[in-house]
Amino acid sequence: MSHTYDVINPATEKLVQTIEHLDLEGTDAVIAKAAKAFETWRHVAPGERAKMLRRFADVIADHKEELAQLEIANSGHTRGNALWEVDNVVNVLTYYSAAPERLFGRQIPVAGGIDVTFKEPLGVVAVIVPWNFPMPIAGWGFAPALAAGNTVVLKPAEYTPLTAMRIGELALLAGIPSGVFNVLPGKGSIVGARFVTHPAVRKVVFTGSTQVGKGIMAGCADQVKRVTLELGGKSSNIIFADADIEKAAAAAPGSFLDNAGQDCCARSRILIQKSAFDKFMEHFESAIKKFRVEDPSLATAEMGPLISRKQYDVVQTFLDEPVAFTGSAPSGPGYWMAPTVLLPKNTQARSWREEVFGPVVSVMTFEDEADAISMANDSEYGLSGSIWTRDIGRALRVSRGVETGNLSVNSHSSVRYWTPFGGFKQSGLGRELGPDALDSFTEVKNVFISND
Ligand code: NAP
Ligand code: MG
């Protein structure tokens, strides 16, 4: 028996659409369909599969405005972000559409014959997507998976199913054969959990909370199922006194307020060298006051609402620490929250240790380079981070010293579709994007052919 689910606009609290959720039987039926489609999809000629993926990218690009509007209504993303997110799916698909003809194996010297390796697809790959970046995170999973010859079952988050469902329809419109790319709206505890236990699913790509990710990894152990995990973060923005402090202060709001802070890469810890604290805070405050939190459909919006009442309530529990200053937010309906800057008393404070996933940052000072590195590394997470300094040697030393998967120096960029992305420690397992992600969607097969 299936159930319906009401998708709510987080900026207005109004109903966007009611959708059907899959139950266990429905989930099994789609997995069976994907397993069947694998038998033909894996044998599609490389050039033909590449052409289909390029057509898929083109059809998504043709629906850019529609998909962006859906994301604004469903997720409260700013117009600027939503348009970027559609482009990201198009770019990731286009990038991996070059892969089918380039899935090279090796020829390894041996006596008595030849030895060659093949990169074989895995079969049905499951992608479990969180609500914070519904389109990009879906694409990072399904694009390389399809390019490598796998078929895909994808579960969007309950809160944010609409763009994934539409992209599923666009796949068919683009000529991707039925059963190759399947979107299954439903609950994590039903659809997502079934991906872990179903024997035909050969790999799970999960992005979300560390807690659920650990459960998925444990569940996958039963079938030695392949797993990629992109989990939480508590990333540091480390600012040295020798940096361009005004520039660092002007850039800091975007580094933790993008997507209302609901970003696993959010630099939710600011480490400022003690001698530059006063100057930094003065410029940082004026940048926070200027940050535009408003109706996300406006082209000028820099931040929209939080995703849900529940997420809003969770974020409020962090506000019992000293507040340095706040920005502004609309009042009235919607899950709005003003940007908030905290001054935790010590490194044991909750806001310093836990992922907030809201528009909140904690600021602390450090004495010297060694102090900065040890404070940054004092976390079970290790996803991203930034370093601001004019000293190139220091930039190098600190980059090598911080235990995290993605760093930027004198900027806050962290995700480019052609470079690897993923976490150290409890921030994840494996890497997505870039040239090597295809290895996570294939098995290496070694074949020796005798001269006889
Ligand atoms: P979550 O529970 O980890 O959800 C992520 C995805 O996993 C969703 O599609 C979810 O489905 C699914 N899921 C949940 N339980 C599952 C299970 N037992 N088996 C298989 N799939 C399952 O994350 P959340 O509850 O949405 O957010 C909680 C916190 O996680 C946030 O406040 C934030 O701190 C963190 N988070 C991190 C990221 C990130 O990018 N690293 C993203 C989102 C959230 P449902 O939607 O049906 O629950
Ligand atoms: Mg959850």
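The values are calculated or read from the model by the stated rules, or taken from the named source; none is laboratory data. Computed from a predicted structure; not experimentally measured. Cβ atoms come from the backbone with ideal geometry, glycine included; neighbour counts cover every protein chain shown. Calculation scope for accessible area: heavy atoms of the full protein, side chains included, ligands and nucleic acids excluded. Shrake-Rupley method; radii C 1.70, N 1.55, O 1.52, S 1.80 Å.
Restricting to the range 405-432, name every residue that is among the small types (G, A, S), modelled with pLDDT of 95 or more, in a loop (DSSP other than H, G, I, E, B) and under 20 Å from D258 (Cβ atoms).
Answer for the range 405-432, where residues must be among the small types (G, A, S), modelled with pLDDT of 95 or more, in a loop (DSSP other than H, G, I, E, B) and under 20 Å from D258 (Cβ atoms): G405, S411, G422, G423.
Per the listing P339, P330, P322, the residue uniquely open to solvent by 10 Å² or more (accessible area, probe 1.4 Å) and within 30 Å of D368 (Cβ to Cβ) is P322. In the range 158-170, the residues that are closer than 11 Å to I19 by Cα reach residues that are open to solvent by 10 Å² or more (accessible area, probe 1.4 Å) and of a type in the set (K, R) with C-beta atoms within less than 7 angstrom, at least six apart or across chains, in these pairs: E158/K187. Summed over the range 147-162, the residues that are of a type in the set (S, T, N, Q) and within 12 Å of ligand 1 (Cβ to nearest atom) give a count of 1.
Looking at E294, is it closer than 27 Å to F280 by Cβ, in contact (Cβ under 8 Å) with a residue 40 or more places away in the chain and outside the structural domain of N74 (by TED's automatic domain parsing)?
no
For the range 216-241, give me the residue count where each residue is outside any strand (DSSP E or B), over 22 Å from S413 (Cα atoms) and touching a strand residue (DSSP E or B) at 6+ places or on another chain (Cβ under 7 Å). The total comes to 4. May I ask you to list pairs of residues, at least six apart or on different chains, whose Cβ atoms are under 6 Å apart, with the first in the range 263-277 being open to solvent by less than 10 Å² (accessible area, probe 1.4 Å) and the second being among the aliphatic types (A, V, I, L, M) and modelled with pLDDT under 95? Listed pairs, sorted by first residue: none to list. Scanning the range 174-215 for residues that are touching a residue at least 12 places away in the same chain (Cβ under 8 Å), of a type in the set (S, T, N, Q) and within 13 Å of ligand 2 (Cβ to nearest atom) yields T207, S209, T210.
When the range 216-243 is limited to residues that are over 23 Å from K33 (Cβ atoms) and small (G, A, S), the one that is nearest to ligand 2 (Cβ to nearest atom) turns out to be G232.
When E169, E246 are screened for being charged (D, E, K, R), part of a helix (DSSP H, G or I), farther than 30 Å from D278 by Cα and more than 16 Å from ligand 2 (Cβ to nearest atom), only E169 passes.
Modelled with pLDDT of 95 or more, under 30 Å from G401 (Cα atoms), within 16 Å of ligand 1 (Cβ to nearest atom) and open to solvent by 30 Å² or more (accessible area, probe 1.4 Å): is that true of M217 in this structure?
When the stated conditions are applied, M217 passes them.
Looking at the range 39-49, can you tell me whether even one residue there is among the hydrophobic types (A, V, I, L, M, F, W, C) and within 25 Å of the chain's Cα centre (by Cα)? Scanning the range 39-49, I find no residue that is among the hydrophobic types (A, V, I, L, M, F, W, C) and within 25 Å of the chain's Cα centre (by Cα), so the answer is no. Among T40, T27, which is open to solvent by 40 Å² or more (accessible area, probe 1.4 Å), assigned to a helix (DSSP H, G or I) and touching a Gly at 6+ places or on another chain (Cβ under 9 Å)? Result: T40 is the single residue among T40, T27 that is open to solvent by 40 Å² or more (accessible area, probe 1.4 Å), assigned to a helix (DSSP H, G or I) and touching a Gly at 6+ places or on another chain (Cβ under 9 Å).
Results for (1) in the same structural domain as G141 (by TED's automatic domain parsing); (2) in contact (Cβ under 8 Å) with a residue 60 or more places away in the chain; (3) closer than 23 Å to N150 by Cα, shown as yes or no for each residue.
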position	(1), (2), (3)
D58	yes, yes, yes
D62	yes, no, no
L70	yes, yes, no
N74	yes, yes, no
G80	yes, yes, no
V90	yes, no, yes
Y95	yes, yes, yes
E101	yes, no, yes
F104	yes, no, yes
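State whether one or more residues within the range 383-393 are open to solvent by 50 Å² or more (accessible area, probe 1.4 Å), in contact with a strand residue (DSSP E or B) (Cβ under 8 Å, 6 or more places away or on another chain) and closer than 30 Å to R202 by Cβ. Among the residues of the range 383-393, not one is open to solvent by 50 Å² or more (accessible area, probe 1.4 Å), in contact with a strand residue (DSSP E or B) (Cβ under 8 Å, 6 or more places away or on another chain) and closer than 30 Å to R202 by Cβ, which makes the answer no. Filtered by the rule that a residue be over 15 Å from A34 (Cα atoms) and among the hydrophobic types (A, V, I, L, M, F, W, C), the range 149-195 gives A157, L162, A164, M165, I167, L170, L173, A174, I190, A193. Looking only at the range 189-203, which residues are open to solvent by less than 10 Å² (accessible area, probe 1.4 Å) and either near ligand 1 (Cβ under 8 Å from one of its atoms) or among the polar types (S, T, N, Q) (or both)? Scanning the range 189-203 gives V191, G192, F195.
Against the condition in a helix (DSSP H, G or I), surrounded by fewer than 18 Cβ atoms within 10 Å (Cβ to Cβ) and under 18 Å from the mean Cα position of the chain (by Cα), how does G80 come out, does it pass? Spelling it out, G80 is indeed in a helix (DSSP H, G or I), surrounded by fewer than 18 Cβ atoms within 10 Å (Cβ to Cβ) and under 18 Å from the mean Cα position of the chain (by Cα).
Looking at T389, T404, just one residue is polar (S, T, N, Q) and more than 16 Å from the chain's Cα centre (by Cα), and that residue is T389.
Conditions (1) at negative phi; (2) open to solvent by 10 Å² or more (accessible area, probe 1.4 Å), marked per residue:
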site	(1), (2)
F104	yes, yes
V110	yes, yes
A138	yes, no
F142	yes, no
V153	yes, no
T160	yes, no
L172	yes, yes
G179	no, no
